[in-house]
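The values are calculated or read from the model by the stated rules, or taken from the named source; none is laboratory data. Not measured: the values here are computed from a predicted model. Using ideal geometry, Cβ is built from the backbone for each residue, glycine included, and neighbour counts are taken over all protein chains shown.
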Amino acid sequence: MRLLIANDDGVKSPALWILVDALRAHHEIVVATPAHEQSGTGHAFTFQRAIHVAQQSREGVPVYVVDGFPSDCVKYAICHVGLANFDLVLSGINPGDNAGVCEPYSGTLACAREAALFGLPAIALSSLGTTPAHFQAIAAWAAMLLECPLPPFPRGSFWNVNFPAMPPSEWQELKICRASSAMFLDRYQETTPGTWQLIGNKNPVGIEPGTDDAWLALGHPALVPLRIDSTHHELAERLESTFPAAASKA
């Protein structure tokens, strides 16, 4: 397959290269990565200034280092190399999970979402465990996945796949599920006068059974299918039948 691999952690991320090294022998790969770590920047993109792109090569793999956000990396690669030159976009491997409410904040997910906006299938890979063994196991899972025909990716859809913190030998079977809506218990701590540091963790009390956060805690990798269409279709139908009609013009 022709793969675009991107991330939000930058070109020096060991997890990125573990994934690339696991796939490059059997697939044609292009890498696009931000010049600096851009974790937590969500789906920001650069349009009010020009971006600097440095083209490199690592063992024959073209690498584009983009002075911008994660979504800029995917956007540039698709527009510069060409949409038709990619079959799939992989984002990651991200050290740290992107399950549940992390999704809108995540630069890793932004890479996959940007690909989906262009109509490309995309998979974001993240891990609560951050050892080389975790990354190697995830890369091996991705390689195994790509050995078989991929399941259908409806246009505008992408996957958010997260892996547990426990050693890979203890992982249970992968669960396809919905995303948790458990919000962070956020607070700001003043570090110096007028300077505040955000501190927060997900509220374990609010994690619903059967969601990605819940399955991860039980040792299951969790796959959540997402789509770029965030319209609340059920609510739109109800509004259509109950919302007052606009007043007629005189």
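Values for this structure:
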{"item": "Test: residue 57 is surrounded by fewer than 20 Cβ atoms within 10 Å (Cβ to Cβ), polar (S, T, N, Q) and in a loop (DSSP other than H, G, I, E, B)", "result": "no"}
{"item": "Among residues of segment 30-47, those that are farther than 18 Å from residue 77 by Cβ and not acidic (Asp, Glu), counted", "result": "3"}
{"item": "Residue check for residue 98: of a type outside the set (A, V, I, L, M), in contact (Cβ under 8 Å) with a residue 12 or more places away in the chain and in a strand (DSSP E or B)", "result": "no"}
{"item": "Search result, residues across segment 21-76 that are over 17 Å from the mean Cα position of the chain (by Cα) and of a type in the set (D, E, K, R)", "result": "21, 24, 28, 49, 58, 59, 67"}
{"item": "Criterion: within 18 Å of the chain's Cα centre (by Cα), surrounded by 14 or more Cβ atoms within 10 Å (Cβ to Cβ) and on the phi > 0 side of the Ramachandran plot - qualifying residue of 129, 156", "result": "156"}
{"item": "Close pairs from segment 206-228: first closer than 17 Å to residue 138 by Cα, partner surrounded by fewer than 23 Cβ atoms within 10 Å (Cβ to Cβ) and among the small types (Gly, Ala, Ser), Cβ under 6 Å, at least 6 apart", "result": "212/179; 224/179"}
{"item": "Pairs where the first residue, in segment 12-33, is assigned to a loop (DSSP other than H, G, I, E, B) and the second is modelled with pLDDT of 95 or more and surrounded by 20 or more Cβ atoms within 10 Å (Cβ to Cβ), C-beta under 7 Å, 6+ apart", "result": "13/7; 27/3"}
{"item": "Residue ID - farthest from residue 227 (Cα to Cα), chosen from residues in segment 175-199 that are of a type in the set (S, T, N, Q) and either without any contact (Cβ under 8 Å) to a residue 60 or more places away in the chain or not in a loop (DSSP other than H, G, I, E, B) (or both)", "result": "192"}
